[in-house]
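All remarks here apply to the structure that follows.
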Amino acid sequence: MVANVKDLALRERAAKVIPNGMYGHEATHLLPASFPQYFSRAKGAYIWDADGNRYLDFMCAYGPNLLGYGDELIDSAAVRQLAEGDTMTGPGPVLVDLCEKLVGMVSHADWVMVCKNGTDATTMAMTAARAQTGMRRILVADGAYHGAAPWCTPMPGGIVPEERAFISKYKYNDAASLEAAVAEVGDDLAAIFASPFKHDAFEDQVLPDPTYARRARELCDQTGAMLIVDDVRAGFRLVRDCSWELVGVRPDLSCWGKSFANGHPISALLGSDRCRAGAEAIYATGSFWFSAVPMAAAIETLRILAESDYLERTIRLGEKLRAGLAIVAERHGFTLRQTGPVQMPQILFDGDPDFRIGFAWAEAMLERGVYVHPWHNMFLNGAMTDADIDFALEAADGALSQVRSSIASLEPHPMLMALMGAH
C-alpha cells in the first residue's frame, strides 16, 4: 500500500479549519481513501504527494497541465513578468498581447475578456448572451457540467429554485430534443450551451454529432440566440482552435480555462462581434483578473501550441495507451469501455454498475505509481513519452491481475452509492 502518513495528518488538520477538509470537491471525496489529497511538487508528467510518493499523472490537475508541469520556457516567461509587475492598478501591456494572440488563433473570435476560473467564463457568457438578446432562457444539456456557480453547480446545497428558474435542459447530441426545448422556450431564448463533446462524469464519453451541432447553430441563427461552446475542459486539447471547428460549427461565444497558460491561473471568454454589444454591457471583474504573470505564461504557452507538435504527439500516445489497455484488460478477463478523444480518455468497466471494479483498479494503479481516476475523464499532456505509456501499461497489467484475484471480495464505495441514489 502507498504510505500516506503526512497526507493523513494534513487531512486531520484541514478538517478543523476547512469545511469538509477540502470544501465540497466531490472528485476528491469520492476517491478511494488511499488516494492522496495533498501534493508537494510536480514536474513534467509526474506529481509527488506529501509523503514523497511519485505518480505518473493522468489527471493533469483536472486539465490545466497541457504541456507538462513546470515547463521551463513558460515558467521563465512568468518569472520575467513577475520582475516587472503582476497585480497592479491596471493591466500590463501583456493583456493586449494575449488577447491579440487568442483572437489570431481562434477562428470565431473577434474579442476576449480574461478572468480566473472556468465558472467565471461560463457565467460571463450567459450574462453577455442575455445582455445581447434581451432574453432570459438558457438551454444546457442534461448532465453537463458548466461550473460551480448557483445557476450551474451539480450539487444542491444552498441553491434555491429561483437561481435556476430560467435554465432549461435538452439531451446532448439529440437534435430533436434541442428543437423541442427551443420551441418550449418560445421567444425568450438567450443562449444554447454545448460542451465540445459529452464528457459527463460516471458515463461513457460521446463525440458530437455534426447534425446536432449544425442544428444548434441554425436554431441560434433563426432565433437570435447566442451559441456558446464551453471549451474550458477541452480547449486546445482537440484542435488548435475552438473544439467545434472539428464539426464545422462556429459559436458566438466560447469559454476557456484550465490549460491555455499551462496551469497558471487564468481563463477567458472569447466572442464574435455578434455578441460584442452584450459583452460591453455587462459588469464583470475580479481583483486578480488582470494579473500580468499568468498572461505572460499564456502567451508563451500559445506560442508553443502553435509551433510544436504537442497535439499530434498526445494523440499518438493516447492511441497507444488505448490499444494497450484493451489488450491487457482482455488478458485478465475484463472488457474496458474507452471512450472520448484518446487524449482525454474515459475508462470504465463493463459489468461494473456500482464502480467497484473501477475503484479497485484505480487503487491498484496508485500502488504502482500511476494516478488514474475511476469515473472522471482523464488527460494526457505534452510531456508524456512512450516510456511513460509503457510504464502505465505495465502497471495496468499488474493492477488488473490484482483486481481479478480479489474481485469476489470487492465492495462498492458507500459515499458514491449514496450520491448515485440521490440522483
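Could you tell me whether Q338 is buried (at least 22 other Cβ atoms within 10 Å of the Cβ) and at pLDDT 95 or above? Judged against the criteria, Q338 is not a match. For the condition in a helix (DSSP H, G or I) and either over 21 Å from H199 (Cα atoms) or free of Cβ contacts under 8 Å to residues at least 24 places away in the same chain (or both), A326 qualifies. The condition (being more than 24 Å from S254 (Cβ to Cβ), at pLDDT 95 or above, among the acidic types (D, E) and out of contact with any Pro (no Cβ under 6 Å at 6 or more places or on another chain)) is satisfied by just one residue among E84, E100: E84. For the range 24-51, the set of residues classified as surrounded by fewer than 21 Cβ atoms within 10 Å (Cβ to Cβ), without any contact (Cβ under 8 Å) to a residue 40 or more places away in the chain and not polar (S, T, N, Q) consists of H25, A33, Y38, F39, R41, A42, K43, Y46, W48, listed by residue number.
L311 meets each of the listed conditions (1) more than 20 Å from the chain's Cα centre (by Cα); (2) assigned to a helix (DSSP H, G or I) apart from (1). Summed over the range 157-185, the residues that are over 13 Å from R137 (Cα atoms) and either among the basic types (K, R) or touching a residue at least 60 places away in the same chain (Cβ under 8 Å) (or both) give a count of 2. The listed residues are A128, A109, and the only one of them that is part of a helix (DSSP H, G or I), touching a residue at least 40 places away in the same chain (Cβ under 8 Å) and in the same structural domain as I228 (by TED's automatic domain parsing) turns out to be A128.
When L269, L238, L219, L227 are checked against the criterion of being in a helix (DSSP H, G or I) and in the same structural domain as K198 (by TED's automatic domain parsing), a single residue qualifies: L219. Inclusion of L10 among residues that are farther than 21 Å from H264 by Cβ and either part of a helix (DSSP H, G or I) or assigned by TED's automatic domain parsing to the domain that holds G263 (or both) is warranted. Which is in a helix (DSSP H, G or I), among the hydrophobic types (A, V, I, L, M, F, W, C) and either within 21 Å of P32 (Cβ to Cβ) or in contact with a His (Cβ under 7 Å, 6 or more places away or on another chain) (or both), of M378, M365? Going through M378, M365 in turn, the sole match is M365. Is it the case that R303 is assigned by TED's automatic domain parsing to the domain that holds A131 and under 14 Å from F236 (Cβ atoms)? Considered against the rule, which asks whether it is assigned by TED's automatic domain parsing to the domain that holds A131 and under 14 Å from F236 (Cβ atoms), R303 comes out as yes.
Collect the residues in the range 217-248 that are in contact (Cβ under 8 Å) with a residue 60 or more places away in the chain and over 21 Å from T301 (Cα atoms), keeping them in residue-number order. Correct list: G224, A225, M226, I228.
Yes or no: the range 179-195 includes at least one residue that is under 21 Å from N117 (Cα atoms), part of a loop (DSSP other than H, G, I, E, B) and at pLDDT 95 or above. Yes, the range 179-195 has at least one match.
Conditions tested, residue by residue: (1) in contact (Cβ under 8 Å) with a residue 60 or more places away in the chain; (2) outside the structural domain of L30 (by TED's automatic domain parsing); (3) under 22 Å from the mean Cα position of the chain (by Cα); (4) farther than 18 Å from L416 by Cα.
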| site | (1), (2), (3), (4) |
| --- | --- |
| H332 | yes, yes, no, yes |
| R356 | no, yes, no, no |
| R368 | no, yes, no, yes |
| Y371 | yes, yes, yes, yes |
| D397 | yes, yes, no, yes |
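On the phi < 0 side of the Ramachandran plot, basic (K, R), outside the structural domain of V112 (by TED's automatic domain parsing) and in contact with an Asp or Glu (Cβ under 7 Å, 6 or more places away or on another chain), is that true of R337? For R337, the condition - on the phi < 0 side of the Ramachandran plot, basic (K, R), outside the structural domain of V112 (by TED's automatic domain parsing) and in contact with an Asp or Glu (Cβ under 7 Å, 6 or more places away or on another chain) - is met. Checked against (1) in a helix (DSSP H, G or I); (2) among the hydrophobic types (A, V, I, L, M, F, W, C); (3) not assigned by TED's automatic domain parsing to the domain that holds A201, M344 meets all criteria but (1).
The values are calculated or read from the model by the stated rules, or taken from the named source; none is laboratory data. Bear in mind the structure is a predicted one, so any value in this text is a computation, not a measurement. Positions of Cβ are backbone-derived with ideal geometry, glycine not excepted, and every protein chain shown enters the neighbour counts.
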